[in-house]
Amino acid sequence: MNHPLTPQALAELTASAAPPCLSLYQPTHRHHPENQQDPIRFRHGIEALSISLRQQHNADEVQTLLAPFQALATDTDFWNHTLDGLAVFGGAGLFRVFVLPRPLAEMVVVADSFHTKPLRRILQSAGRYQVLGLSLKKIRLFEGDHDGIAEIEAAPGVPRTINDALGDELSPQHLTVSSYGGIGGGSSPMRHGQGGKQDEVDKDAERFFRAVDRAVTEHHSKPSGLPLILAALPEHHHLFHQVSHNALLLPSGIDANPDAMTPEQLRQRAWQAVAPQYEAEQTRWADEFGAARVKGLGSDNLADVASAAAAGRVARLLIEADRQIAGQLDEQSGLIVAGDLNHPQIDDVLDDLGALVEKLGGQVHVLPIGRMPSTAGLAATYRH
């Protein structure tokens, strides 16, 4: 039921929108007893959707649209496995659920299109990464950033275990490896079997790693575009890197099995691995902006950037996290009408600019205030 949040998933959601489009956001909790309030809050959101829908639709139409929301509200297993935020979208023949490792502000919207800006902000946030937890027995996948990490469900087509990957081609079970899979500690597994037996075990490992690499690359790395960090016992790192063709796999990883680590320990180790690349990218973006502005090919003036964005000239847009500028953006002309963020018809211009730049093929990154090359809340580098 839960869908991974990727640019492709967001594009498919917006492309399939047919009014009325129902969007529901809320914060959630990972643990008992705090998570007991989450389904109650969700039901309140359903009631808010119902009130809005009943203004323009009959009772049968409202019931049909809300049926999947109501089914989710009574799914006990789902509510026992939430993270920090929840985004749910529904419409005629469509229902999407995103469970996210960060809180989301409570919001209910019924409109002609889905309200996706909070999800777009998450996708645009710099510093996100994925972790592949690998042993000879199974795999696990995680997604995180500087502030948190959470396990994600492997996409269909990704083998969860060596049996999934090799099936009948797996070596006979009596040719075993003690502590098979290296679960838990950091020591090397004790191997039994000599000569040809051990060769078969090693071949199994190589074929398993190749299958995992292909599937994770295709179903996770390519759709997300996120750097991938390998978390595995030290003896598995060399072989996996040797067989991998994943361009997003970082050379540095975590030399431990995540089964033996707490989420916070895993987040700390993952951030240590990804931080150098993250910081280097931000420095490069800031330097590019500075050089472009000197040549007249960059700006932090809101009106100028909006005009350039409408013309398709913005190659890269940097947006300050947590900064909001009230107003409405005309995508055709690039003109901005100032407004009040408390007014329901007024949007955040920075969000609108980010959506427009992405739509026209530019890159958008949301950065913390300390990493922005400008104090204006935005910085744009132009194509020409």
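Among the numbered criteria (1) in contact with a helix residue (DSSP H, G or I) (Cβ under 8 Å, 6 or more places away or on another chain); (2) free of Cβ contacts under 8 Å to residues at least 60 places away in the same chain, which one does L136 miss?
(2)
Confirm whether D259 is touching a residue at least 60 places away in the same chain (Cβ under 8 Å), within 21 Å of A211 (Cβ to Cβ) and surrounded by fewer than 20 Cβ atoms within 10 Å (Cβ to Cβ).
Numbers: touching a residue at least 60 places away in the same chain (Cβ under 8 Å): yes; within 21 Å of A211 (Cβ to Cβ): yes; surrounded by fewer than 20 Cβ atoms within 10 Å (Cβ to Cβ): yes.
So D259 fits the description; yes.
Taking the stretch 182-232, which residues are modelled with pLDDT of 95 or more and within 18 Å of R269 (Cα to Cα)?
The answer is P227, L228, I229, L230, A231, A232.
Consider A87 against the criteria (1) farther than 30 Å from L353 by Cα; (2) not assigned by TED's automatic domain parsing to the domain that holds P234: it satisfies all of them except one. Which criterion is unmet?
(1)
Name the pairs: first residue in the stretch 369-384 and of a type in the set (D, E, K, R), second residue surrounded by 15 or more Cβ atoms within 10 Å (Cβ to Cβ) and part of a loop (DSSP other than H, G, I, E, B), Cβ to Cβ under 6 Å, at least 6 apart or on different chains?
Taking only residues 6 or more apart or on different chains, the pairs are R383/R313.
Please go through the stretch 358-376 and give me each residue that is loosely packed, with under 15 Cβ neighbours inside 10 Å, under 21 Å from L10 (Cα atoms) and among the small types (G, A, S), ordered by number.
Within the stretch 358-376, G361 is the sole residue that qualifies.
May I ask you to say which residue of L132, L86, L104 is within 17 Å of the chain's Cα centre (by Cα) and in a loop (DSSP other than H, G, I, E, B)?
Numbers: L132 fails: in a loop (DSSP other than H, G, I, E, B); L86 fails: in a loop (DSSP other than H, G, I, E, B).
On inspection, the qualifying residue turns out to be L104.
Tell me, yes or no, whether the stretch 53-70 has at least one residue that is under 28 Å from E143 (Cα atoms) and of a type in the set (D, E, K, R).
At the first step, the residues of the stretch 53-70 found to be under 28 Å from E143 (Cα atoms) are 68-69.
Still in the list and also of a type in the set (D, E, K, R): none.
No: zero hits.
Give the residues of the stretch 35-63 that are without any contact (Cβ under 8 Å) to a residue 24 or more places away in the chain and hydroxyl-bearing (S, T, Y), sorted by residue number.
Within the stretch 35-63, the subset without any contact (Cβ under 8 Å) to a residue 24 or more places away in the chain is 36-37, 40, 44, 47, 50-51, 54-55, 58-63.
Within the stretch 35-63, just S50 meets the criteria.
From the list A306, A292, exactly one residue is surrounded by 14 or more Cβ atoms within 10 Å (Cβ to Cβ) and under 29 Å from the mean Cα position of the chain (by Cα). Which is it? So that I can check it myself, show each step before the final result.
Numbers: A292 fails: under 29 Å from the mean Cα position of the chain (by Cα).
Going through A306, A292 in turn, the sole match is A306.
Regarding the stretch 38-61, can at least one residue be identified that is under 24 Å from G354 (Cα atoms) and not aliphatic (A, V, I, L, M)? Break it down into steps so the answer makes sense when it comes.
Taking the stretch 38-61 first, the residues under 24 Å from G354 (Cα atoms) are none.
Within the stretch 38-61, not a single residue is under 24 Å from G354 (Cα atoms) and not aliphatic (A, V, I, L, M).
The values are calculated or read from the model by the stated rules, or taken from the named source; none is laboratory data. Note that the coordinates shown come from a computational prediction; the quantities given were computed from them, not determined experimentally. For neighbour counting, all protein chains shown are included, and Cβ atoms are generated from backbone atoms with ideal geometry for every residue, glycine included.
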